[in-house]
Amino acid sequence: MSETIDPLLFLREHLISQKSVQILDKQVDFSGQLRLPLDTQTAWQRVDKKGYYTLGSLFVCVQLGNLKYTDYFKKAHEMKIPPVITTERNSVLDYFAGKISECQQIDLQMRAQTLVKKYDKGQGRTGAQAQQRKRDSKAQEKEEQKLEVCDYLMLNEKKIHSRSTVIQSSKRSFLKVLQLGYQCVKLDE
């Protein structure tokens with residue numbers, strides 16, 4: 001059986017109840033129950049509207065909440081995790097400490113899209129890992145299709161051996177020959 005969870009709520013529940021949450025192998029480990037990648041999308045929208053924070057960004061903000069912002073910023077960059085903006089840091093800390101129950105930065109429409117399947121331990125994988133594998137395989141298929149198209153075009157492309165061959169072509173006007181020449185020059189650059 002599997003159930004879906006909201007990464008934001010799952011992290012909040014674990015932090016409020018003071019269960020073990022830590023970073024292991026570029027994943028957030030929830031007491032050994034579940035591991036989610038640091039780049040798991042959440043519904044927490046940035047104040048500057050430039051996207052949403054990842055689970056790793058929010059967890060590192062909470063984990064390093066006792067540091068000055070400059071020290072936190074340096075540590076986050078060392079860990080290669082995008083830091084939370086200064087103006088949002090207090091609301092993130094308050095939300096995950098349980099001081100506030102809701103935050104206006106949490107996009108309720110996006111929340112449904114960030115749900116992750118939680119698998120039983122017997123299956124040996126997390127929902128986020130399965131989703132990541134599916135996305136990777138789709139991206140790989142698209143890349144292979146692009147390569148096939150390029151290979152097909154390269155096979156069927158008629159090579160120009162010399163200038164005289166182009167000029168002697170009976171099926172092209174001189175304007176077409178000039179355009180083809182310009183294209184060849186642009187490709188060489």
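Values quoted throughout were computed directly from the atomic coordinates according to the rules given, and no laboratory measurement underlies them. Predicted model, so just to flag it, every value in this text is computed and none were measured. All Cβ positions, even for glycine, are placed from backbone atoms using ideal geometry, and neighbour counts span all protein chains on display.
Values computed for the structure shown
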| quantity | calculated |
| --- | --- |
| FRET efficiency, Asp71 to Asp94 (Cβ-Cβ, R0 22 Å, nearest 0.05) | 0.65 |
| Gyration tensor verdict on the stretch 31-73 (Cα atoms; rounded if a/c is under 1.5, prolate if a/b is larger than b/c, oblate otherwise) | oblate |
| Stretchable slack from Asp29 to Glu13, in nm (0.36 nm times residue separation minus alpha-carbon distance) | 4.4 nm |
| The stretch 1-118: Lys pairs at Cα distance under 25 angstrom, eight or more positions apart or on different chains | 24 |
| The stretch 14-111: C-alpha gyration tensor shape, a/c 1.5 cut-off, then a/b vs b/c | rounded |
| Lys, Arg +1 and Asp, Glu -1 on Cβ, resulting dipole of the stretch 10-50 about Cα centre, debye, nearest 20 | 180 debye |
